[in-house]
Amino acid sequence: MAQPIISFKDYGFQYTAQASPTLHHINLDIYPGEKVLIAGASGSGKSTIGSCLNGLIPYAYPGESTGKLTIGGKDPKESSIFELSQIVGTVLQDTDGQFIGLTVGEDIAFALENDCVPQDQMKETVHEVAKLVDIDHHLEYAPHDLSGGQKQRVSLAGVMVEQVKVLLFDEPLANLDPAAGRVTIELIDEVQKRTGAAVIIIEHRLEDVLWRSVDRIVLMDEGRIVADMPTKDFLSGDMLLEHGIREPLYLTALRYAGISITKELEPQHVESLTLSGEQKEKVRSWYRDNAGLTGAKKERRELLRVENLSFGYTPEVQNLKDVSFSIEEGEMVSIVGKNGAGKSTLAKLICGFEKPTSGRICLEGRDLSGDTIKERAKTIGYVMQNPNQMISKPMIWDEVEMALLSGDMNEQERKERVEETLKICGLYPFRKWPVSALSYGQKKRVTIAGILVQRPQIIILDEPTAGQDYHHYTEIMEFLKELNTQGFTIVMITHDMHLMLEYTPRAIVFCEGMLLADTTAARVLNDPSLVQRANLKETSLYTLSVMCGIEEPQEFTERFIAYEEARRRR
Amino acid sequence: MAKIAILNYIKRSSPVHELTGTTKLIFFIAWSVTSMVTFDTRVLVCMLAVGAVIFKVSQIRIRDINVVLGLAAVFLLLNNFFIYLFTPEYGVELYESRDLLFTIVGRYTVTAQQLFYHLNITLKVICVVPIALLFIACTDPSEFASSLARIGVSYRAGYAVSLALRYIPDVQREYRNISQAQQARGIDISGKDKLFTRLKNSVAILLPLIMSSLNRIETVSNAMELRGFGKKDKRTWYTRRELGRNDWLAIGFAVVILAAGLIVTFWDGSRYFNPFLRW
Amino acid sequence: MKKLSVKSVVAIGIGAALFFVLGKVAIPSPVPNTNISLQYAVQAVFATLFGPIAGVIIGFIGHTLIDATSYGPWWSWIIASAFVGLVIGLFTMKMNTEEGIDNKKLVRFNVAQIIAHILAWGVVAPVLDILIYAEPVEKLFAQGLMAAAANIITTGVVGTLLLLGYSKTVVKKGSLEKED
């Protein structure tokens, strides 16, 4: 067998700033041309492995290492970050951070410029590589004219110009809508086939990565490798959930139906499943048995009404076109659609950050157009995607109290209100802590508490779970669900199909500024044309139900979700 | 997302656009230096005339830049107003003669010398405006960094300019988003509150903005390091263009203006052109 | 001269972008023509965190971009802005902000910013204006001292609060205990 290009031997690492090691006894070989997925929950050490490979450890993040690591036959400690970057090319999670140049062409050329490559040769290489990732018609574009997926292509091209032997992707799906994520996975696959480079993908969204085959899956937990095996074998075990990774939905459905997952089932893709007639019957009978789970919709009072709303940031472009819908009290709704479809713009209009060019927004029948941002905030709360963009006080108490200070409450009333809010959000024990001591999920709660303290009737959340692993996702969503059962109406802008399916009975779909559909989440994801137009992705449950001959795939999905929820409640 | 024009680079085809960034940078520097040094009305008037011609050639129209022109006008007016307010007879001192035209009230007299001084100071500012505007409007931002490097600025510092241009729209968007979200929590910095309250309130926007900028610095410097920035003492540039015949002509012209301006200005041993002496 | 590190290059770029954006979204103040210049508070924080060279170049690039997009560059004030970053950066060098910020460091920061603004707007800018534009001394010093006062207040209040906020945010998880 060939020599491994990357080899960890009993490797351990501890960051200088940390009290205990992050990686323990890592043994891992990666061979030329291989495609490996490194999965694991946040804090499992998977990103640290990535930093070891590209040289950020030890050059940007100092620390102590034990054992042995060789990359392309060299010890990184005796090499330099520049030498390593010619072997391992890294595509970072934050495509805006990685896009350094003012235009696509410049950004792809960046590494060549630093290498003093002559200009004509540079232009030639840039063109070739851009063609390979299909971005060659956009070389003059500035980053803000590109979609997230396109930026990622640029990032990929930017590392490919060095003809690296290993391509490392750090959470490539985190900032993309579902369809763009799927295209990315296809692109990675294609690039690998053409260049023969080894590919390492660090991700926790297993099912999405598996849209194209990977050779091996390495599962990390608490700084250790807990599994390292071919995809088939990996999926037939049941180690996923216990290590905080979500299993592909179709496999979960099979398990619910009482089918054990074996290698022979070819479980790596939903399309490759080889179900016997007997097994298909099992799925059908599970479907029949759970008919009673999905209930009828309750009648509720209308809370928010949006009528014929239109808006454009500039007179030439219409970001929203004649949008109408209403939200009822106590609902939990998803707003979905691809990047730039107008979802965030809609939220800004509802909160009064921007003024509509025509149409109106009413709350309980009252037109809101005369209200200021501050007045609206008392009834409609808005939570930004990244809690770090909202937290402006070092102490939790102050952060939560902030919105009340400009009102007319006295000190005692404020104290009571803050305490009550902290209790609702499960933050009461931490009330005297600084925000910096909290985890990401807890910070998210603090920002939600900072909004809830004004007792709004509706809370709008922008991408509440973006970039979160399954554990944090569940934590945040269960919390929101709890708030919803306490009577708060919740509207979420999201890319996450699981979120939409599992937590919101209703979904409003946007595409290019227009409202495309307003129906149940399961119906949205089982309508192929809708899925395609809104850049969404059908679930593997759809494919599975078709495979098993179930006539109403959407009902299958709904039963699956209801079944899951019932299990969770138990 | 709303697009926010930052540097107002206006892409057109004109002889001015075709010049390399380096040429325009050198021209702009020579021009600025001349206008700063000279106080000679003849030189300033010539420069203004030449500036107007170049502006015409550039295909940039007045309405493309009327906002900027408006700001420049306001700035000039205020500056002149304050000079007069503090020293209504400064020109008399400077030109060592006094021709009183009329008196507004008390010490606020109007003299020919003062008016002439105001004319000169105004000319000094406005003869730079068209060239500065053209430099901004006709230079592809992608060329700034390589142009700076070409005239001898370290490429690291030059690249910082490029990064600033790259991240201004991102920072602007982030500022806007944060400030909207904070306004919804009762933070108001434009309203009628007291100065101190507003300063304190601005921290509620700036702190998250700075923390997120520090994160961004970390990510971007990692990304640059991973792609070999700073590996060598030199680097090449994707967008650099070689100097052509017109470039050398323009640079030559800039040098002539600089030299001629300085010679004419200091010919008589004084920086000031003083028409009142001969009277 | 020592080469700038990659991190400094990026800090300068992003710092200048912040300087520009904040300089453009001026907060109106009750006294006409003395807008609150938040950019100096941020420049002071960056000079403290990243050193004098970063401080200088942030001021220079940031201010040049602001001027160039409004009424053409007014070099004397641009240089004064750069000078502010230099002085604050020099005074706060080796303050080890990563190890937390105590009152002593805040006093040092404020002494630095007061000296920097007085020198910059009371001396550097007016002297350059006299040299370049031959403007009357009285007007220049009145203007300079007003600018100095406004910037000292802004940097003193906002800059101090930002540094405090920063130090509390980077604080390590310690002996915190939950309370019921």
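What to note about this one:
- Each residue in the stretch A:29-46 was checked for being buried (at least 19 other Cβ atoms within 10 Å of the Cβ) and closer than 24 Å to A:Glu78 by Cβ, and 2 of them qualify.
- Of all residues in the stretch A:22-61, those being within 14 Å of chain B (Cβ to nearest Cβ) and part of a loop (DSSP other than H, G, I, E, B) number 3.
- Exactly one residue out of A:Gly407, A:Gly370 is within 29 Å of A:Val446 (Cβ to Cβ) and not in a helix (DSSP H, G or I): that is A:Gly407.
- Qualifying residue in the stretch A:390-401 (condition: away from chain B (no Cβ under 12 Å) and either closer than 20 Å to A:Thr379 by Cα or outside any helix (DSSP H, G or I) (or both)): yes
- Residue match in the stretch C:65-76 (condition: buried (at least 24 other Cβ atoms within 10 Å of the Cβ) and within 12 Å of the chain's Cα centre (by Cα)): no
- Residue satisfying all of: in the stretch B:222-271; part of a helix (DSSP H, G or I), within 14 Å of another protein chain (Cβ to nearest Cβ) and without any contact (Cβ under 8 Å) to a residue 40 or more places away in the chain; farthest from A:Phe110 (Cα to Cα) among these: B:Asn222
- Test: residue in the stretch A:60-83 that is on the phi > 0 side of the Ramachandran plot and either among the β-branched types (Val, Ile, Thr) or surrounded by 23 or more Cβ atoms within 10 Å (Cβ to Cβ) (or both): no
- Qualifying residue in the stretch A:9-25 (condition: modelled with pLDDT of 90 or more, more than 16 Å from A:Ile202 (Cα to Cα) and of a type in the set (S, T, N, Q)): yes
- Pairs where the first residue, in the stretch A:416-442, is more than 17 Å from A:Gln486 (Cβ to Cβ) and the second is modelled with pLDDT under 90 and in a helix (DSSP H, G or I), C-beta under 6 Å, 6+ apart: A:Pro434/C:Lys168; A:Ser436/C:Thr169; A:Gly441/A:His472; A:Gly441/A:Glu475; A:Gly441/A:Ile476
- Some residue of the stretch A:393-414 being more than 27 Å from A:Ala466 (Cβ to Cβ) and in contact with a Phe, Trp or Tyr (Cβ under 7 Å, 6 or more places away or on another chain): no
Okay, residues lined up against (1) more than 17 Å from A:Leu92 (Cβ to Cβ); (2) facing chain C (nearest Cβ under 10 Å); (3) surrounded by fewer than 22 Cβ atoms within 10 Å (Cβ to Cβ):
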residue: B:Leu165; (1), (2), (3): yes, yes, no
residue: B:Gln172; (1), (2), (3): yes, yes, yes
residue: B:Arg176; (1), (2), (3): yes, yes, yes
residue: B:Gln183; (1), (2), (3): yes, no, no
residue: B:Ile187; (1), (2), (3): yes, no, no
residue: B:Leu195; (1), (2), (3): yes, yes, yes
residue: B:Val203; (1), (2), (3): yes, yes, no
residue: B:Thr219; (1), (2), (3): no, yes, yes
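- Lone qualifier among A:Gln468, A:Gln454 - being out of contact with any Ser or Thr (no Cβ under 7 Å at 6 or more places or on another chain), within 11 Å of another protein chain (Cβ to nearest Cβ) and part of a loop (DSSP other than H, G, I, E, B): A:Gln454
- Test set (1) closer than 19 Å to A:Ile100 by Cα; (2) free of Cβ contacts under 8 Å to residues at least 40 places away in the same chain; (3) buried (at least 23 other Cβ atoms within 10 Å of the Cβ); (4) among the aliphatic types (A, V, I, L, M) - A:Leu173 fails condition number: (1)
- Pick from the stretch B:12-46, criterion surrounded by fewer than 16 Cβ atoms within 10 Å (Cβ to Cβ) and basic (Lys, Arg), ranking: modelled with the lowest pLDDT: B:Arg12
- The stretch A:67-128 holds helices (runs of 4 or more DSSP H) entirely within its bounds, and those carrying 3 or more residues that are in the same structural domain as A:Asn27 (by TED's automatic domain parsing), within 27 Å of B:Val171 (Cβ to Cβ) and in contact (Cβ under 8 Å) with a residue 12 or more places away in the chain map to A:95-98, A:104-114.
- Only residues that are among the basic types (Lys, Arg) and surrounded by fewer than 17 Cβ atoms within 10 Å (Cβ to Cβ) were counted in the stretch A:108-151, giving 2.
Results for (1) within 17 Å of the chain's Cα centre (by Cα); (2) free of Cβ contacts under 8 Å to residues at least 60 places away in the same chain; (3) surrounded by fewer than 16 Cβ atoms within 10 Å (Cβ to Cβ), shown as yes or no for each residue.
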site: B:Leu48; (1), (2), (3): yes, no, no
site: B:Gly51; (1), (2), (3): yes, no, no
site: B:Phe55; (1), (2), (3): yes, no, no
site: B:Leu77; (1), (2), (3): no, yes, yes
site: B:Tyr84; (1), (2), (3): no, yes, no
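- The condition (being of a type in the set (A, V, I, L, M, F, W, C) and under 22 Å from C:Ile66 (Cα atoms)) is satisfied by just one residue among B:Ile83, B:Ile62: B:Ile62.
- Enumeration of residues in the stretch B:86-144 that are within 11 Å of chain C (Cβ to nearest Cβ) and acidic (Asp, Glu): B:Glu89, B:Glu93
- In the stretch B:145-159, the residues that are in contact (Cβ under 8 Å) with a residue 40 or more places away in the chain and either at the interface with chain C (Cβ under 9 Å from one of its Cβ atoms) or in contact with a Cys (Cβ under 6 Å, 6 or more places away or on another chain) (or both): B:Arg156, B:Tyr159
- Where a residue in the stretch C:38-65 is more than 8 Å from chain B (Cβ to nearest Cβ) and its partner, wherever it lies, is outside any helix (DSSP H, G or I), with Cβ under 6 Å and at least six apart: C:Thr48/C:Thr92; C:Thr64/C:Pro73
- C:Ile130 satisfies every condition listed in (1) within 14 Å of chain B (Cβ to nearest Cβ); (2) closer than 29 Å to B:Ile168 by Cα except (2).
- Going through (1) surrounded by 14 or more Cβ atoms within 10 Å (Cβ to Cβ); (2) out of contact with any His (no Cβ under 9 Å at 6 or more places or on another chain); (3) of a type outside the set (Asp, Glu); (4) not in a loop (DSSP other than H, G, I, E, B) one by one, A:Val226 falls short only on (2).
- Scanning the stretch B:72-85 for residues that are more than 7 Å from every other protein chain (Cβ to nearest Cβ) and not polar (S, T, N, Q) returns B:Ala73, B:Val74, B:Leu76, B:Leu77, B:Phe81, B:Tyr84, B:Leu85.
The values are calculated or read from the model by the stated rules, or taken from the named source; none is laboratory data. Remember, predicted model here, so these are calculated numbers, not experimental data. Every residue, glycine as well, gets a Cβ built from its backbone with ideal geometry; the counts of neighbours run over all protein chains shown.
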